[in-house]
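K.L.:
Have a look at the structure that comes next, please.
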Amino acid sequence: MSFPRIKPNPRSGDERLRLDGETLAISVLDFWRWSASDLLSNATRGRFAEFIVAAALDIPFDDVRDEWGAFDMLTPEGVKVEVKSAAYIQSWHQVKESIISFRVPATRAWDADTNRQAVESKRQADVYVFALLAHREQESIDPLNLDQWHFYVLPTSVLNARTRSQHSITLKTLDSLAGGAVTFANLKTAVQKAATFVGPGVDPA
């Protein structure tokens, strides 16, 4: 006996909890409000960063986000994209701004359809998008304001060619390798360009 993967369908938010055959006033929307309203929280901000990157890349929201996918999203053109996020300002008490760096280790992909993990460790995506909530004023920070986000785009081959660290990358190095940040409006073009990049990516920093 086996249990195949359960693939979820998108919910509307209007679905209600039930008890003893009765429909309660408590909805899925209530759950979303309760669990995901803090967009500055590290975990929620990471998922929100994926959401806005998907929007920039014209990826439909017809399917539910794959929590355990080998990479974060697939563009309509077939580009595999991994999204990493960071912010200077957090939702908790800070005595100083967060130092910006991103983890970029190779991973062993897990297949939810077979419940098996790949033998080889590698970077699974074609392109990495580093989404930085760059606003530095706590009083006016707003993750919903896309003008406050900076996006750095790198082909995976450039990350693979680095010799100093294969586990993380600093903002200074990222800015140098990516040639600076792009805006939300220019993100799709930057990802498409990175997807066609053919070269060694020799910067060792």
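K.L.:
Taking S12 as meeting all but one of (1) open to solvent by 60 Å² or more (accessible area, probe 1.4 Å); (2) within 23 Å of the chain's Cα centre (by Cα); (3) at pLDDT below 95, write down the number of the exception.
P.N.:
All conditions are met except number (3).
K.L.:
With respect to F61, is the statement that it is in a helix (DSSP H, G or I) and in contact (Cβ under 8 Å) with a residue 12 or more places away in the chain true?
P.N.:
Considered against the rule, which asks whether it is in a helix (DSSP H, G or I) and in contact (Cβ under 8 Å) with a residue 12 or more places away in the chain, F61 comes out as no.
K.L.:
Cβ-Cβ below 6 Å, separation at least six or inter-chain, first residue in region 98-116 and of a type in the set (V, I, T), second open to solvent by 30 Å² or more (accessible area, probe 1.4 Å): which pairs?
P.N.:
I100/L171
K.L.:
Let me ask something else about it. Which of the residues spanning region 31-41 are loosely packed, with under 14 Cβ neighbours inside 10 Å and either touching a Phe, Trp or Tyr at 6+ places or on another chain (Cβ under 7 Å) or part of a helix (DSSP H, G or I) (or both)?
P.N.:
W32, R33, W34, S35, A36
K.L.:
Working only within region 113-137, note down all residues that are open to solvent by less than 30 Å² (accessible area, probe 1.4 Å) and small (G, A, S).
P.N.:
A125, A131, A134
K.L.:
Failed condition for A86, given (1) out of contact with any helix residue (DSSP H, G or I) (no Cβ under 6 Å at 6 or more places or on another chain); (2) open to solvent by less than 90 Å² (accessible area, probe 1.4 Å); (3) in a loop (DSSP other than H, G, I, E, B), with all others met?
P.N.:
If we test A86 against (1) out of contact with any helix residue (DSSP H, G or I) (no Cβ under 6 Å at 6 or more places or on another chain); (2) open to solvent by less than 90 Å² (accessible area, probe 1.4 Å); (3) in a loop (DSSP other than H, G, I, E, B), just (3) comes out false.
K.L.:
Oh, and also: Can you tell me which residue among K80, K96 is open to solvent by 20 Å² or more (accessible area, probe 1.4 Å) and touching a Phe, Trp or Tyr at 6+ places or on another chain (Cβ under 7 Å)?
P.N.:
Answer to the selection: K80.
K.L.:
In addition: Residues of region 42-58 being at pLDDT below 95 and surrounded by 14 or more Cβ atoms within 10 Å (Cβ to Cβ), which ones?
P.N.:
If the condition is that a residue be at pLDDT below 95 and surrounded by 14 or more Cβ atoms within 10 Å (Cβ to Cβ), then N42 is the only one that fits.
The values are calculated or read from the model by the stated rules, or taken from the named source; none is laboratory data. Only a predicted model underlies this, so the values are computations on that prediction, with no experimental measurement involved. Here the Cβ is made from the backbone with ideal geometry for all residues, glycine too, and neighbour counts use every protein chain on show. SASA here: full protein model, heavy atoms, side chains in, ligands and nucleic acids out. Shrake-Rupley method; radii C 1.70, N 1.55, O 1.52, S 1.80 Å.
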